[in-house]
Amino acid sequence: AVARFVHETLRNSSLSISNVIGPMEQNLNVTIVSYMGSLRISAAMEKGFLDPQRFKSCVENAFEIILKAADDEIPI
């Protein structure tokens with residue numbers, strides 16, 4: 001099911017960014033896919049590397065700041 005979802009999402013996308021290399025002793029993988037007005041962001045990290053809820057909150061806050069700065073709204 002996961003492979004099918006990833007395949008369906010990526011087969012029609014024009015750009016995918018994945019595995020931005022950072023310190024080798026820490027593992028954080030961020031994948032961003034934009035397709036037909038939909039932006040999907042996925043983050044996977046080594047267990048215990050970051051607090052997942054705090055990371056999610058920080059990312060959401062950052063996007064809210066970006067949207068306000070752009071003076072635009074994204075339909076949800």
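Just a few scattered comments:
- The set of residues from the stretch 30-52 being outside any strand (DSSP E or B) and farther than 15 Å from residue 11 by Cα comprises 37, 46, 47, 48, 49, 50, 51, 52.
Every residue, every condition in (1) surrounded by fewer than 11 Cβ atoms within 10 Å (Cβ to Cβ); (2) modelled with pLDDT under 75, yes or no:
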residue: 6; (1), (2): no, yes
residue: 12; (1), (2): yes, yes
residue: 21; (1), (2): yes, yes
residue: 41; (1), (2): no, no
residue: 61; (1), (2): yes, no
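The values are calculated or read from the model by the stated rules, or taken from the named source; none is laboratory data. From a predicted model like this one, the values you see are computed outputs, not experimental measurements. All Cβ positions, even for glycine, are placed from backbone atoms using ideal geometry, and neighbour counts span all protein chains on display.
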